[in-house]
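Structure record follows, encoded as structure tokens.
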Amino acid sequence: MTVDLMGNPLTDAEARLLDVYSELKALCHEDLEPVAAANVRGALALMHNVVCSLGLVYEHLSDLGV
Amino acid sequence: MLAIVAPDRWNRLGSDSPYWNPKTETLDRERLEALQLAKLRRQCEWAAARSPWYRRAFAQSGFDPDQLRSLSDLQRLEPLTRAEWMTSQAEHPPYGQLPTIDGAGAIRVHTTSGTTGMGPLRALDSRKDWSWIAEMWCYAVWGCGVRPRDTAYIAFGYGSFIGFWGLHYAMEKVGVLNVPGGAQSTEARVRQIIDFEVTVVASTPTYALRLAQEARSLGIDLRESSVTRLILSGEPAGSIPVTKALIEEQWGAKAFDTAGMTEIGTIMVFECAHQPGGTHIIEDHFIEEVLDPDSLEPVDYGERGERVVTSFGRGAIPLLRYRTADLVCRVPAARCSCGRGFDIYEGGILGRVDDMKLVRGTNVYPRAIEAIVREHGEVDEFQTLITREGIRDEITLRVEMKPDWDASGWDRLARELHKRLGLAFEGLNFRIECAPQGELPRFELKAKRTLDRRDVPMGAGR
């Protein structure tokens, strides 16, 4: 993804934030220990605020248990 | 060896910005609406795919999310009412058919107070949704100038009513030292505010006055305390100028209005540090329409109408075109000098579409009564009582004065209130009564100062 929801190119910082968010989503599909599974989901919920409020992504995460 | 980060460094993180989210708070109208449309399409697709209620509602309205070309296309969807939501909940307990998840996919449920006779409304939230609820409060907290160096006191019961729960987590997110004020007497709360050198207090407007009253009785002058800001919510009074001025005078602090509702889980408007006489709509997370409550046609800027909200936040309960019954007057963002692109509700929430009382053919608004009564700083508490005597409606203002007030001034005050209320309400003849000390109820949440007893049989208890 190279643009936000308004069609603006992503800044470097936005691209990095989106990478973190994507990595957390990917981790939700892994078979992790409870300590990791729960805290990854907690972190993903917070990162969703970042990418959604910056207009980078809009989606819901209930299929990932978030 | 780990580096020690000085507290001051944390205090400076991002704190130069007056906006919590500069990217979207300063968008121009065209870009803001482009962002809203992108979110709206996805939210409608989500609702159609996951919510049994919306799947049916879309089919009945002939509404297809694929056909959304502009924000005005949303108007093709019939607004949702609270009664419909409650009926769905009653028919499909415990949560109804609006939610996209069941209790197993949620981490919280909050309820309304259930005063409508249909029981409480139950609102589910997922982990992500709950995090978003706090995020909306962050716009308000940061926007009114609260920073990590502050200490906050939330004077709230921390029960099943959603109230200030989101604010609590927002304070933590911002990095504020938080003092939860649940399960405390008013005296204990006042003492904690002083003892912890609190700088920000959150409460309803009514309870802010109650705290000030309690402080006076304890010999504490809050104007000499560390408190610099109050965050108000839960009642329209936070934007009634005289009430707000009274709160600011008694606390020696600035008061900032916010408003929210259980149905959206959080706040949708906040007053910024520039205090423009109203509250900014958080428009990157909500579409707020203002409609004529009878025709459901949009009204222009500067005209009063009913708030109808579409929220992008909750995935567990998508809320599209929800009729709030809140009375508002929307004006352009440019009315404020803060630089935000978010439009403003002038005067905040002006009242409820359904809280107007008709007395002898005159429309009586509780908020307008409060605005007049609060001009008199010697009044401690008040109550409006509407009764029917024979075939005639009567309206009585009961006034409780401050303990140190000189009773010899009563006749003059009663005459003044009678005159001002008559002028405000088409000559309506208000009876003015002085209530004994401590008789009128005090409120922590959602003050109910207007009692309509016209349907109560003679002899029934009050």
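Things to note:
- For the stretch B:369-417, the set of residues classified as assigned to a helix (DSSP H, G or I) and either crowded, with 17+ Cβ neighbours inside 10 Å or basic (K, R) (or both) consists of B:I369, B:E370, B:A371, B:I372, B:V373, B:R412, B:L413, B:A414, B:R415, B:L417, listed by residue number.
- Boolean, B:Y345 is of a type in the set (F, W, Y) and more than 30 Å from B:D129 (Cα to Cα): no
- Residue match in the stretch B:122-129 (condition: in contact with a Phe, Trp or Tyr (Cβ under 6 Å, 6 or more places away or on another chain) and either in a helix (DSSP H, G or I) or modelled with pLDDT of 95 or more (or both)): no
- Where B:L451 falls short, out of the listed (1) part of a loop (DSSP other than H, G, I, E, B); (2) surrounded by fewer than 17 Cβ atoms within 10 Å (Cβ to Cβ); (3) of a type in the set (A, V, I, L, M, F, W, C): (1)
- Number of positions in the stretch B:266-287 that are within 14 Å of chain A (Cβ to nearest Cβ) and in a loop (DSSP other than H, G, I, E, B): 4
- From the list B:P79, B:P65, B:P99, the one residue that fits, being within 19 Å of B:G313 (Cα to Cα), in contact with a Lys or Arg (Cβ under 8 Å, 6 or more places away or on another chain) and within 14 Å of chain A (Cβ to nearest Cβ), is B:P65.
- Across the stretch B:406-462, the qualifying residues are those that are in contact with a helix residue (DSSP H, G or I) (Cβ under 7 Å, 6 or more places away or on another chain) and under 30 Å from B:E187 (Cβ atoms), and the one among them that is modelled with the lowest pLDDT is B:E444.
- Output for the stretch B:47-64, where each listed residue is surrounded by fewer than 20 Cβ atoms within 10 Å (Cβ to Cβ) and either part of a helix (DSSP H, G or I) or in contact (Cβ under 8 Å) with a residue 24 or more places away in the chain (or both): B:A48, B:A49, B:R50, B:P52, B:R55, B:R56, B:A59, B:Q60, B:S61
- Top-ranked residue in the stretch B:166-180 [being of a type in the set (A, V, I, L, M, F, W, C) and either touching a helix residue (DSSP H, G or I) at 6+ places or on another chain (Cβ under 8 Å) or outside the structural domain of B:G341 (by TED's automatic domain parsing) (or both); ranked as nearest to B:P120 (Cα to Cα)]: B:L167
- The single condition from (1) without any contact (Cβ under 8 Å) to a residue 40 or more places away in the chain; (2) crowded, with 20+ Cβ neighbours inside 10 Å that B:Y365 fails is (2).
- The stretch B:205-263, residues that are assigned to a loop (DSSP other than H, G, I, E, B) and closer than 17 Å to B:T279 by Cβ: B:S233, B:G234, B:E235, B:I240
- Here B:R42 passes the criteria (1) closer than 20 Å to A:Y58 by Cα; (2) more than 14 Å from chain A (Cβ to nearest Cβ) except the one numbered (2).
- Hey, B:T206 touching a residue at least 60 places away in the same chain (Cβ under 8 Å), among the hydroxyl-bearing types (S, T, Y) and over 22 Å from B:W142 (Cα atoms) or not: yes
- Within the stretch A:43-66, if we keep just the residues that are more than 7 Å from chain B (Cβ to nearest Cβ) and over 22 Å from B:E33 (Cβ atoms), the residue that is surrounded by the fewest Cβ atoms within 10 Å (Cβ to Cβ) turns out to be A:D63.
- Filtered residues of the stretch A:29-42 (kept if out of contact with any Cys (no Cβ under 9 Å at 6 or more places or on another chain) and either at the interface with chain B (Cβ under 9 Å from one of its Cβ atoms) or under 26 Å from B:R41 (Cα atoms) (or both)): A:G42
- For B:I267, the criteria (1) touching an Asp or Glu at 6+ places or on another chain (Cβ under 8 Å); (2) at pLDDT 95 or above hold in every case but one, which is (1).
- Breaking point among (1) in contact with a helix residue (DSSP H, G or I) (Cβ under 7 Å, 6 or more places away or on another chain); (2) surrounded by fewer than 24 Cβ atoms within 10 Å (Cβ to Cβ), for B:C272: (2)
- Scanning the stretch B:115-154 for residues that are in contact with a Pro (Cβ under 9 Å, 6 or more places away or on another chain), within 14 Å of chain A (Cβ to nearest Cβ) and of a type in the set (A, V, I, L, M, F, W, C) yields B:L124, B:W142.
The values are calculated or read from the model by the stated rules, or taken from the named source; none is laboratory data. Just so you know, these numbers come straight off a predicted model, no measurement behind them. A quick note on method: Cβ atoms are made from the backbone with ideal geometry, for glycine too, and the neighbour counts reach across all protein chains shown.
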